[in-house]
Amino acid sequence: MRRINVSSGRTLEDVAQYSRALRVGDTVLQAGTTAIDRAGHVRGTGDVARQVETILAIAEWSMGKAGGRLDDVVRSRIYVTDIAVADQAARALAKRFRDARPASTLVQVVGLARPEQLIEIEFDAIDGAGTTARRISSGRAIENEYAYSRAVRVGDCVFISGSTALTAGGAVEGIGDMYRQTRSTLETIFRAVAEAGGTPADIVYTKSFFTDLSKTADYTRAWLEAFGDVRPTSTTLGIPSLLRPEMLIEIEAEAIIGAAKTRRDGYTQREREKPRGYARTVTVGDRIYMSGCTDLNAAGELQAAGDWAAQYDHALETVRWSLEQVGASLDDVVRRQTFTVDHAVVNRPHGEGPAYFAGSRPASLGCRITGLARPELLVEVEVTAVKGAGAGIESIGPDPVDPLDR
């Protein structure tokens with residue numbers, strides 16, 4: 001398993017201990033990337049299409065340094081700070097991915113690192129996917145319009161786009177009804193997995209975005225009915241808006257064909273996750289998926305009310321413990337996502353506190369959201385790991401000239 005970390009020379013990468021792009025085996029991950037240049041200036045202020053073009057230029061360079069290609073992208077995650085620019089952003093991306101048609105998620109968040117940043121994008125690529133991937137459409141016109149697939153299968157992996165209660169006819173099912181929208185969304189995901197050759201029991205990872213966290217009880221009821229005894233990982237995040245104002249929830253997922261027979265589901269000490277319909281970790285082979293971790297301890301008790309830094313540290317300790325249970329470590333983390341609620345005071349600058357990722361530098365993303373599962377929670381951290389990925393890391397530094405200046 002070859003591991004390559006790529007630095008683009010942007011200051012925050014060193015301070016926050018992450019890589020701009022990363023290769024692990026046949027997979028190349030692009031960190032959450034904005035339109036900031038090496039000098040710290042945002043390119044395309046007020047112009048989301050230009051910011052998308054800048055992000056693509058950075059990604060093409062950094063993924064290329066890791067031996068990857070944009071043509072092999074299988075998933076994109078698009079975070080905009082204003083849903084009004086979503087259409088323009090999606091169309092700008094569609095120009096580049098008309099052939100690749102990755103699985104895609106697009107949501108609004110409260111904020112990025114700087115107010116001038118209108119958009120942040122993550123990419124996942126797999127070697128050869130441009131020619132070998134099977135792209136699955138649900139028949140919705142929006143998929144063709146924005147050049148993405150409902151699901152993409154490469155090998156045994158199935159990447160499912162962020163899905164909503166939007167019907168094939170273009171209407172939102174269950175307006176105002178979280179239960180119905182959740183069931184409709186999961187049915188869309190299950191159909192895509194079935195067309196890819198899998199079953200719901202092969203689903204190993206999910207992330208759910210809510211525009212109204214007060215309705216999560218209806219979501220959980222629908223979730224438990226749909227999944228039965230299956231326990232994928234789950235991260236739940238409150239956001240300001242989705243593509244249409246009637247949409248209450250968007251869920252993205254990943255499945256591994258055959259995982260139903262080989263998966264190992266893990267829980268914290270009291271298994272409080274299980275009755276809520278998810279696992280803390282799902283391990284298939286060397287791949288480890290993990291639910292978002294927070295300040296809550298194994299009993300579900302808050303540990304550090306009002307203290308962002310302490311809550312972040314407690315989340316990382318849960319990550320560390322959970323990895324150790326499956327024979328891995330923090331050095332094996334290849335992607336890290338940090339979601340901070342909008343009202344939280346970040347009481348510790350980047351670079352201070354425990355250096356959890358100083359040696360491994362995973363691909364990373366951070367943004368502001370409206371809320372988490374409980375109002376006292378200030379931050380949630382989600383990671384993906386690959387056993388052995390922390391060994392023998394090759395590092396590639398920046399070119400003398402920023403690709404944006406060539």
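The values are calculated or read from the model by the stated rules, or taken from the named source; none is laboratory data. Only a predicted model underlies this, so the values are computations on that prediction, with no experimental measurement involved. Methodologically, a virtual Cβ is constructed for each residue, glycine included, from the backbone with ideal geometry; neighbour enumeration extends over all protein chains shown. Just so you know, the surface numbers come from the protein's heavy atoms only, side chains and all, with ligands and any DNA or RNA stripped out. Shrake-Rupley method; radii C 1.70, N 1.55, O 1.52, S 1.80 Å.
Data overview
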{"read-out": "Accessible area (Å², per residue) of region 186-283, counting only protein heavy atoms and a probe of 1.4 Å", "value": "38"}
{"read-out": "5 Å binning of all Cα-Cα separations within region 298-348, expressed as whole percents from 0 upward", "value": "4, 16, 25, 22, 18, 12, 3, 0"}
{"read-out": "Additional length obtainable on full extension of the chain from I142 to Q303, 0.36 nm per residue less Cα span", "value": "53.6 nm"}
{"read-out": "Kirkwood Rh, Cα atoms: Rg over Rh of region 185-227", "value": "1.01"}
{"read-out": "Set of aspartates and glutamates with alpha-carbon distance to K387 below 15 Å, sequence-local pairs under 8 removed", "value": "D26, D286, E324, D331, D332"}
{"read-out": "Rg [Å, one decimal], Dmax [Å, integer] - region 334-376, C-alpha atoms", "value": "12.2, 33"}
{"read-out": "Whichever aspartates and glutamates have a C-alpha closer than 14 Å to that of K274, once near sequence neighbours (fewer than 8 apart) are set aside", "value": "E225, D229, D265"}
{"read-out": "Highest-MSF residue in the chain out of R272, R244, R75 [GNM, Cα springs under 10 Å]", "value": "R244"}
{"read-out": "At least 18 Å along the helix axis (C-alpha) and Kyte average at least -0.5, DSSP helices within the chain", "value": "48-65, 178-195"}
{"read-out": "For region 286-406: accessible area per residue (Å², 1.4 Å)", "value": "40"}
{"read-out": "Helical contribution to [θ] at 222 nm, DSSP H n ≥ 4, -39,500 (n - 2.57), averaged over the chain, rounded to 500", "value": "-7000 deg cm²/dmol"}
{"read-out": "Separation of the A217 and H343 label points, Cα + 7 Å toward Cβ, nm", "value": "2.1"}
{"read-out": "Gain in span if fully extended, E317 to V401, counting 0.36 nm per residue against the direct Cα distance", "value": "26.4 nm"}
{"read-out": "Nearest-20 debye value, region 164-252 charge dipole, Cβ charges on Lys, Arg, Asp, Glu", "value": "100"}
{"read-out": "Kirkwood Rh, angstrom, region 121-201 [1 / mean 1/r, Cα pairs]", "value": "13.6"}
{"read-out": "Solvent-accessible surface (1.4 angstrom probe) belonging to T370, in square angstrom, nearest 10", "value": "70"}
{"read-out": "Nearby lysines by direct alpha-carbon distance to K215 (threshold 18 angstrom, same-chain neighbours under 8 apart not counted)", "value": "K207"}
{"read-out": "Neighbourhood charge, 9 Å Cβ-Cβ cut-off, centred on V326 and excluding it, Lys, Arg +1 and Asp, Glu -1", "value": "+1"}
{"read-out": "Within a Gaussian network of the chain (alpha carbon springs, distance under 10 Å), most fluctuating of A217, A253, A328", "value": "A217"}
{"read-out": "Gaussian network model of the chain, springs between alpha carbon atoms under 10 Å - residue of A304, A315, A84 with greatest fluctuation", "value": "A84"}
